[in-house]
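Q: Sharing a structure below in structure tokens format, with a few things to ask.
Please treat every number below as a calculation from the coordinates, not as lab data. Owing to the predicted nature of the structure, the values given are computational and were not obtained by experimental measurement. Note that each Cβ is placed from the backbone with ideal geometry, even for glycine, and that neighbours are counted across all protein chains shown.
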Amino acid sequence: MSGQARVTPRHATMACWRDAASGVIDRGIQLYFSAPASYTGEDVVELQGHGNPILLRALLDRALELGAEPAAPGGFTRQAIEHGKMDLSQAEAVVATIDAATLRAAHQAQRQLDGHFGRFISDCMERLTDLVATVEACLDFAEEELPLRTMAQLRDQVRQLITDLERALATAATGERLFNGVNVVIIGAPNVGKSTLLNALCGRDRAIVSAIAGTTRDILEADLEIDGIPLRLLDTAGLHESSDTIEQEGMRRAKVAAEQADLVLLVADASDDSSWHSPIHANIYLMNKCDLAPELPIPKQFIAISARSGEGLDQLRTALRDHLDTGSFSGEEDYIITSARHRQAVSRARDHLIRGDKLLSGEETLDIAALEWRCAWSSLGEILGIGDVEQILDRIFATFCIGK
């Protein structure tokens, strides 16, 4: 920056940045955030240039020449954790906010970033601390008989904690789907209308549709959203007997995709009963082209649709919602589990609590029960980044973009 002018925190200043020979690199806006009122809790200066990558590279090189160090992936957010600006669950919400594929996912990520889930976990940890303190007090006065009322209160507190953690775990399936999405594979015999269905669901001509059987040879993908949950539709090659090596490879890929899918849709042709059966298990069975053969009886497990006219597609979307369980929560709860890491930690804590509850049958096992509750506390602490979690930090921040 040219000159030695004093800058006022949180005020935009027009600045000129120069190279070592005093030549102008760029001009732009400079913002200064003084500690601790910054994203990282440190003194932070933002330089906002014109966005030309060549000029930005030159500006970055000059900053490095003057002693700056390049940020590692997630470097700023990691500093924010170390300076107490956020806990680890909020740091993960930063990435979730950036990567959210739907508005519902973005809103939920913002709630986690605001600390809703972290406060729930902190509250559970405080209650665990009180439980252990009560047990320790009982053990310190072991020569006195433990009141039955105290034992009953301990059991009630433990079981309430178990209930609260199980309620949180019940949100995990839909919560994780909000951010990971759901793979939905469409399978069926050739020319039953799989590609037409994909186009109808995603609202555009994503797949080539032809009366010629076997048009789709490879897997074709399209994105769809249902109740804020991102779906990835995969159209696959028709399943049939063939000596064509390319078709055989396409069918092999279709079977692999179905095995790895979250949901499988089997599409059959109402006018061709040979297409009604498949060696691959499906979650939803669809009888397509029903408008062309309205007089034919349809097996009960099938949903009658016409991918061309749109008939029955609302019923299909309802079936998808039922399988996705999108109505299991409103999306506005204070605590929702949205990652496998959080789910596993809460599940471990719940299991420790259950084991501790079973040990409350007598005073002689109270110390072992307290040990289980300490383990539960440590499991929950991993979510917030409390305790020996250096390896967890390294693994999480490896997924961040550079700097953020």
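Q: Return the Rg/Rh value of the range 178-328, two decimal places, where both radii are evaluated on C-alpha atoms and Rh is the Kirkwood radius.
A: Rg divided by Rh gives 0.94.
Q: How high is the relative contact order of the chain, in percent, with contacts defined as C-alpha pairs under 8 Å that are six or more residues apart? Kindly include the intermediate steps, with their values, before the conclusion.
A: Working: 634 pairs, mean separation 72.9, N = 404.
Once divided by the residue count of the chain, the mean separation gives 18 percent.
Q: Of the listed values [x] 1.00; [y] 1.24; [z] 1.35, grab the one calculated as Cα Rg over 2.2 N^0.38 Å from the structure here.
A: Computed from the coordinates, Cα Rg over 2.2 N^0.38 Å corresponds to [z].
Q: Ordered by packing density, taken as the mean number of other Cβ atoms within 10 Å over each peptide's residues, highest first, how do 11-21, 80-90 rank?
A: 80-90, 11-21
Q: Using the per-residue mean of other Cβ atoms lying within 10 Å as a proxy for protection, in what order, highest first, do the peptides 292-298, 273-279, 168-174 fall?
A: On the way: 292-298: 10.9, 273-279: 13.9, 168-174: 18.7.
So the peptides 292-298, 273-279, 168-174, ranked by packing, come out 168-174, 273-279, 292-298.
Q: So for the range 228-331, averaging the separation of alpha carbon pairs under 8 Å that are six or more residues apart and normalising by length, what relative contact order in percent results?
A: 16 percent
Q: Helix-only mean residue ellipticity at 222 nm, the chain, DSSP H runs n ≥ 4 weighted -39,500 (n - 2.57), per residue, nearest 500. What is it?
A: -14500 deg cm²/dmol
Q: For the ranges 24-34, 186-196, what's the packing order if you count other beta-carbon atoms within 10 Å of each residue, average per peptide, and put the highest first? Provide the component values of the computation, followed by the final result.
A: On the way: 24-34: 15.9, 186-196: 24.9.
Output ranking for 24-34, 186-196: 186-196, 24-34.
Q: Only bridges with both residues in the chain count here: give the DSSP antiparallel percent, nearest 5.
A: On the way: 20 of 38 bridges.
Roughly 55 percent of the DSSP beta bridges within the chain come out antiparallel.
Q: Still on this structure: What number of lysine-lysine pairs in the chain show an alpha-carbon separation below 18 angstrom, given a sequence spacing of 8 or more or placement on distinct chains?
A: 4
Q: Next question. Nearest 5 percent is fine: what portion of the DSSP beta bridges confined to the range 238-304 is antiparallel?
A: Percentage antiparallel, nearest 5: 10.
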